[in-house]
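Beneath this line is the structure, given in structure tokens, with notes to follow.
The values are calculated or read from the model by the stated rules, or taken from the named source; none is laboratory data. The shown structure was predicted, so the numbers you read here are calculated from the model rather than taken from an experiment. Using ideal geometry, Cβ is built from the backbone for each residue, glycine included, and neighbour counts are taken over all protein chains shown.
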Amino acid sequence: MNLSAEHLITVAVIVIAITLLVAAARLRPGPWTDVAAHALALLIVFNEVGWWVWAWQMNALSLQDNLPLFLCDIAAFVAAAALITRAPLLVEMTYFWGIAGTANGIVSPDIGDHFPSYPFFQYFIQHAAIPAAALFLVVGLRLYPRPWAVVRVFALSVALVAVDALANLLTNGNYMFLRTVPPGGNLLDLFGPWPWYIFGGALLTVIFFAALDLPFRIGALSRALSRTERYRPPASPPSPRPRPGR
């Protein structure tokens, strides 16, 4: 984990910005949230496209490394679409991928560039804007994951892994880090060499997804119990006592 002043200040700025955005959306909802959602979507898309333009100008594009097949690349366009359409499945994908996956890039960044270089800004905008979109939609706008959201998004994650595995065979790349773990310390190192860290990563994914979904399942259960208690049928009135004989 990078504990340099540069990294810690960057993380602090990101946390403060996301907290203010999400708190404002939840406590002061209104038409401004639509403007903010579209602005954030544009930021995400322009940041992604801008990187490809920069890499092309630097003659750094290659099929081996630069196809938009990493989770963060896919999550970026999913998040932009979710911000604009509010489609439930896109919101769920943004939430689970953005928090369980992309946010890890903030904690343990896979980048050698430093402030104020363009790659530095591009990397942290990408890895901050996607979790920001996830929390803005789910916590700020209260678009909660539906039941079985974990199963749906995990199945899509497995499908993405299959696509990336095929791409790795064709390009000799390392998409989704299926050949080697990303550089720098991260949780995948705990599971040993290939292929064990892949299975460990799948296990961590299930655990993180379930933990992210747990508050909403508890909330749904609590609301269901509350409605049951509220509308409990009244007890039958007691039978009238017979009049005493004269």
Members of the range 141-151 found to be farther than 17 Å from ARG86 by Cα and in a helix (DSSP H, G or I), listed by number: VAL150, VAL151
Answer with yes or no whether ILE125 is touching a Ser or Thr at 6+ places or on another chain (Cβ under 9 Å) and touching a residue at least 24 places away in the same chain (Cβ under 8 Å). no
Residue by residue through the range 62-85, note down the ones that are in contact with a Ser or Thr (Cβ under 9 Å, 6 or more places away or on another chain) and of a type in the set (Ser, Thr, Tyr). SER62
Here are some conditions: (1) modelled with pLDDT under 95; (2) under 27 Å from MET58 (Cβ atoms). ALA129 meets all but one. Which one does it not meet? (1)
Yes or no: ALA24 of a type in the set (A, V, I, L, M), part of a helix (DSSP H, G or I), surrounded by fewer than 20 Cβ atoms within 10 Å (Cβ to Cβ) and at pLDDT 95 or above? yes
Could you please let me know if THR171 is out of contact with any Leu (no Cβ under 9 Å at 6 or more places or on another chain) and at pLDDT 75 or above? no
Can you tell me which residue among ALA55, ALA17, ALA12, ALA37 is touching a Phe, Trp or Tyr at 6+ places or on another chain (Cβ under 9 Å), of a type in the set (Gly, Ala, Ser) and part of a helix (DSSP H, G or I)? ALA37
Within the range 85-119, the residues that are without any contact (Cβ under 8 Å) to a residue 60 or more places away in the chain, surrounded by 15 or more Cβ atoms within 10 Å (Cβ to Cβ) and within 16 Å of LEU40 (Cβ to Cβ) are LEU90, VAL91, THR94, GLY98, THR102, ALA103
Per the filter on the range 100-123, residues farther than 15 Å from ILE74 by Cβ and in contact with a Phe, Trp or Tyr (Cβ under 9 Å, 6 or more places away or on another chain) are ILE106, PRO109, ASP110, ILE111, ASP113, HIS114, PHE115, TYR118, PRO119, PHE121, GLN122, TYR123
Residues of the range 159-186 being closer than 16 Å to ALA100 by Cα and free of Cβ contacts under 8 Å to residues at least 40 places away in the same chain, which ones? VAL161, PHE177
I need the full set of residues from the range 100-137 which are in a helix (DSSP H, G or I) and among the hydroxyl-bearing types (Ser, Thr, Tyr), in order please. THR102, TYR118, TYR123
